[in-house]
Amino acid sequence: MSDKPTVLFVCVHNAGRSQMAAGWLRTLAGDAVEVRSAGSLPAEQVNPSAVEAMREVDIDITGQQPKVLTTEAVEASDVVITMGCGDACPVFPGKRYLDWALEDPAGKGVEAVRPIRDEIEGRVRGLLAELQVQPAAGR
């Protein structure tokens, strides 16, 4: 059993917001946090504008694939962060739930995705502070 916290990011398509959040957390936390992401209705691929916006800050999410949200993923997570999945997210007693109201980047160009990316970065940094995890050196 590991002492490191497990964070699950959930949005509808698991193609934009949750993928960017997972990318930020993986980069900033290193191996201090187990990071997962999923969607209630996963898309075919990660949003290309999200991929490009993250590439601009030297975070590569091109290898990620949208995944379906499972009860097991929620059950195995310490913190579940929802981003607009509404009632599709299962709720379990004893889990910590946060809802980040973020604009959906679906169908938007990279110019519109950058502010969403930057807001996600700020929220992930706040989460790290709450989890008492220091950001990786140089980030």
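The values are calculated or read from the model by the stated rules, or taken from the named source; none is laboratory data. Everything quoted here is computed from the prediction, not taken from an experiment. Note that we place each Cβ from the backbone using ideal geometry, even for glycine, and neighbour counts take in every protein chain shown. In case anyone asks, the SASA skips ligands and DNA or RNA and just uses the protein heavy atoms, side chains included. Shrake-Rupley method; radii C 1.70, N 1.55, O 1.52, S 1.80 Å.
Some observations on this one:
- For region 12-82, the solvent-accessible area with a 1.4 angstrom probe is 41 square angstrom per residue.
- Max mean-square fluctuation residue, GNM over the chain, Cα-Cα springs under 10 Å, options 36, 114, 55: 55
- Annotation: peptides 20-29, 128-137, ranked by per-residue average of other Cβ atoms within 10 Å with the highest first, follow the order 20-29, 128-137.
- Sulfur and carbon atoms: percent of accessible area, the chain [1.4 Å]: 49 percent
- Percent of Cα-Cα distances greater than 20 Å, calculated over the chain: 40 percent
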